[in-house]
Structure formats: structure tokens, C-alpha cells
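Asker: Attaching a single structure in C-alpha cells format; questions to follow.
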Amino acid sequence: MQQSKKTQKLVVLGMLSSIAYILMMINFLIPGLPPFLTIDFSEIPALVAALVFGPMAAVIVEGIKNLLNYLIQGSATGVPVGQAANFVAGLLFVLPVSYMFNRFKTAKGVTIGLVTGTVVMTVLMAVLNYYVFLPAYTIFLQSPEMSSEQARQYIVAGILPFNLIKGAATGVIFVLLFSKMKQWITRRIAV
């Protein structure tokens, strides 16, 4: 019986990872923001995994999604800098939701988690972009280095609004989806 549950969990995580990868490929631009910042809803399967199986399941879904993206799509830098940024941003968004849902087990917990996740992702990705991801792109693309002021302006005008919009849009869609899936998720947790 225990082996059957493990197999079932692996199958569900594989399906959610595949769905996340497909959703990652279905993306769109936000006018006025840099063209490499595209909105997708690939965190939704990771959110489902986190609520049903816990935070480690979300890490697995985010990891497989980004590994598939790197192996199939590649990277302009030759190194998975964008995929690493997406992985970190996804975890910063999803893990607070998992924590709050595990604490309260209600739609209110999910909503508080989504708001918290959006704020955490927005703030920490601004810092990480300033110190890690933008410098990595500069090194691997062999482009001219940005000054501190240029990087700050880029983050304030592009990265911050992008993460706020992405978190809010994903949150709204997930709240709607969660209202339809709540009973299924609750049954899955009980199993």
C-alpha cells in the first residue's frame, strides 16, 4: 500500500511538472517592461503540489520545470541563469503559500500566503537581481557592465513591477482555481 502511494505521488508530481513546463512556454509580454520578462502561469502546478504534498513537492516541480526548459529551450547565455532566476522566484512565491495553507488549511490561508509570496518574491528578486542575476547575465553575455544607478533604475522600472504583476495575476487565477479544487486538495491531503 505504501509503495502504491509513493508511485502515485511520483506520477502526480511528474504530471504537474510537465504541465508547469507547458505553461512556462505559454507566456506573454507586458507592454513597457523589458522583453525578456514574460508572464506565465507555471507556478500554479507548483502551488497545487505544495498544498497537496508539501513544500518539497513544490521544489521538485519548480526544479523539473526549469530543467526541462533549459534542456529543451536552452539559454542565451549558455548557462541556465534565467532558469535559476525562475526557480528561485517560483520558490519565493510558492513556499509562503504552502506554509500559510499548512498552518490554517483554509482559503484565507491560501490568500494570505499568495499576498505574502508576492511581496517576498518581489522584494527578494529585486535584491537578487541587483547582486546576482544581472551581474551573471553581464558576465555570460559579455555585455557592458551596468552602473549601480543603471541597475537600480532597471530593477525599479522593470523587475519590481514585473514581479508584482506576475504574483498578483497568478494569485488571482490560483484563488479561482483553488475554490474549484478545494475539496479535491482536501481529500488528497487526507490520503
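Asker: Cα to Cα, under 19 Å, and not fewer than 8 places away if on the same chain: which lysines meet these conditions relative to residue 105?
Answerer: 180, 182
Asker: Here is a follow-up. Between 0 and 90 degrees, rounded to the nearest ten: what's the tilt of helix 81-104 against the longest Cα principal axis of the chain?
Answerer: 40 degrees
Asker: On the protein heavy atoms, probe 1.4 angstrom, tell me the percent of accessible surface of the chain carried by carbon and sulfur. Let's see the in-between values first.
Answerer: Numbers: 7190 of 10220 Å².
Looking at the chain in its full context, I get 70 percent from C and S.
Asker: Rounded to the nearest 10 degrees, what's the angle between the helix 107-128 long axis and the longest principal axis of the chain, both from Cα atoms, 0 to 90?
Answerer: Long axis of 107-128 versus the principal axis of the chain: about 20 degrees.
Asker: As a test question: what accessible area, to the nearest 10 Å², does residue 56 have when a 1.4 Å probe is rolled over all protein chains in place?
Answerer: For residue 56, the solvent-accessible surface is approximately 120 Å².
Asker: Here's a follow-up. Averaged per residue, what accessible surface does the range 90-162 expose to a 1.4 Å probe, in Å²? Walk me through the numbers before you get to the answer.
Answerer: Numbers: 3970 Å² over 73 residues.
Using a 1.4 Å probe on heavy atoms only, each residue of the range 90-162 averages 54 Å².
Asker: Any idea what the dipole of the range 120-191 comes to, in debye rounded to 20, about its Cα centre with Lys/Arg Cβ at +1 and Asp/Glu Cβ at -1?
Answerer: Details: 6 positive and 2 negative charges, 137 e Å.
With only Lys, Arg, Asp and Glu charged at Cβ, the dipole is about 660 debye.
Asker: How far is helix 55-73 tilted, in degrees, relative to the longest principal axis of the Cα atoms in the chain, given as a value from 0 to 90 rounded to the nearest 10?
Answerer: Approximately 50 degrees, to the nearest 10.
Asker: Using a Gaussian network for the chain with springs between C-alpha atoms less than 10 Å apart, which of these wobbles most: 90, 167, 78?
Answerer: 78
Asker: With +1 on each Lys and Arg Cβ and -1 on each Asp and Glu Cβ, and nothing else charged, work out how big the dipole of the chain is about its Cα centre, in Debye to the nearest 20.
Answerer: Values: 13 positive and 5 negative charges, 220 e Å.
The calculated dipole for the chain is roughly 1060 debye.
Asker: Something else about it: What full-extension length gain, to one decimal in nm, is calculated for residue 75 and residue 185 as 0.36 nm per residue of separation minus the Cα-Cα distance? Numbers along the way, then the final one.
Answerer: Numbers: separation 110, 0.36 × 110 = 39.60 nm, distance 3.51 nm.
Roughly 36.1 nm would be gained on extension.
The values are calculated or read from the model by the stated rules, or taken from the named source; none is laboratory data. Since the model is a prediction, treat every value here as computed from it, not as a measurement. Don't worry about glycine lacking a Cβ; one is built from the backbone with ideal geometry, like all the others, and counts go over all protein chains shown. Side chains are part of the model used for accessible areas, which takes the heavy atoms of the whole protein and leaves out ligands, DNA and RNA. Shrake-Rupley method; radii C 1.70, N 1.55, O 1.52, S 1.80 Å.
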